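These notes are about the structure you will find just below.
The values are calculated or read from the model by the stated rules, or taken from the named source; none is laboratory data. The shown structure was predicted, so the numbers you read here are calculated from the model rather than taken from an experiment. Using ideal geometry, Cβ is built from the backbone for each residue, glycine included, and neighbour counts are taken over all protein chains shown.
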Amino acid sequence: MSRRCLHRSPSITVAIMVATVATMALGQEYRELDADRDAFTPVTHTVERGHALAETAYTYIENRTGPATNSLPELLVRAGILERVELRLGVNYEAGSGGSVVTAVESGEGEEGGEFATEASLLYGLKAVVSDQASWIPRSVGIVEAYTPTAGDVWATEPSATYAFGWELDEGRRFDAGIRYVYAASEEGTFDKWLPSVVLRIPLTERFEVHAEWFGTWTDGLEDEKVRPFAGPGWHYTLFPGFELGLRVGWGLTGDAANFYSDFGFAARY
């Protein structure tokens with residue numbers, strides 16, 4: 001073999017490897033990742049056994065009074081440990097005022113217009129498939145988890161239970177609903193918090209999906225009860241197989257709710 005061929009062989013090898021990887025990526029299906037962060041209502045699927053899904057986001061909440069709230073990284077790692085059961089672990093840091101909850105990450109109930117405060121927390125729990133879709137019987141899941149503060153003004157673990165259900169409609173559209181209950185904490189003490197939600201998901205292409213959602217928070221046990229409903233659109237785009245970007249925005253529908261929120265993040269499958 002000539003010296004010229006020996007000199008070129010590494011470049012040729014790299015080119016072949018790049019072409020092979022690109023071909024494999026093009027050949028893969030842009031399957032739905034079923035990330036919970038795509039909407040307030042969690043998806044009615046669990047992560048496959050032996051795989052993991054990492055989800056993270058940055059949320060900005062424009063409170064009607066008081067400092068704006070910033071929440072990040074809203075990291076949630078979902079690992080399939082059984083055929084229909086996943087383990088959920090996460091961390092988050094929140095700074096600002098107000099008690100509006102607009103994502104799957106729970107936090108202590110602050111007062112709208114209150115002073116600037118911070119809170120860091122750990123999330124841990126399980127999610128399991130409860131039923132599969134059969135005619136009018138919906139596919140459903142149950143989630144049991146807790147949020148434990150590691151820093152901030154409220155030092156109380158908040159247990160939470162969620163039931164989400166829905167139907168896959170024609171042309172890949174999905175209608176899902178859910179109800180979350182949180183045994184929450186505030187400076188007044190513990191109280192009940194109910195968070196119902198509905199979302200309609202509509203795929204426009206193999207890689208692009210949009211949705212419209214409504215959700216809210218109702219408290220029970222506070223001296224001044226809060227009703228905080230929201231509505232807004234969102235989308236997510238599969239950049240390449242196993243990785244998607246997403247954005248949600250929404251507006252508060254009552255004086256108790258924050259004026260506006262935006263939530264941008266991504267999900268990666270392993």
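Just to be sure, is residue 258 touching a residue at least 40 places away in the same chain (Cβ under 8 Å), under 22 Å from residue 58 (Cβ atoms) and surrounded by fewer than 17 Cβ atoms within 10 Å (Cβ to Cβ)?
no
Look at segment 174-192 and say how many of its residues are closer than 19 Å to residue 125 by Cα and within 17 Å of the chain's Cα centre (by Cα).
Summing the residues that are closer than 19 Å to residue 125 by Cα and within 17 Å of the chain's Cα centre (by Cα) in segment 174-192 gives 5.
Taking interchain pairs and intrachain pairs at least six residues apart, which have beta carbon atoms under 7 angstrom, with the first residue in segment 186-201 and modelled with pLDDT of 95 or more and the second aliphatic (A, V, I, L, M) and outside any strand (DSSP E or B)?
Pairs found: 195/101; 199/39.
Condition first: within 18 Å of residue 98 (Cβ to Cβ) and assigned to a strand (DSSP E or B). Now tell me which residues in segment 189-230 satisfy that.
191, 193, 195, 215, 216, 217, 218, 219, 227, 228, 229, 230
Name the residue that is farthest from residue 209 (Cα to Cα), counting only residues in segment 143-183 that are among the acidic types (Asp, Glu) and outside any loop (DSSP other than H, G, I, E, B).
Checking each candidate, the answer is 158.
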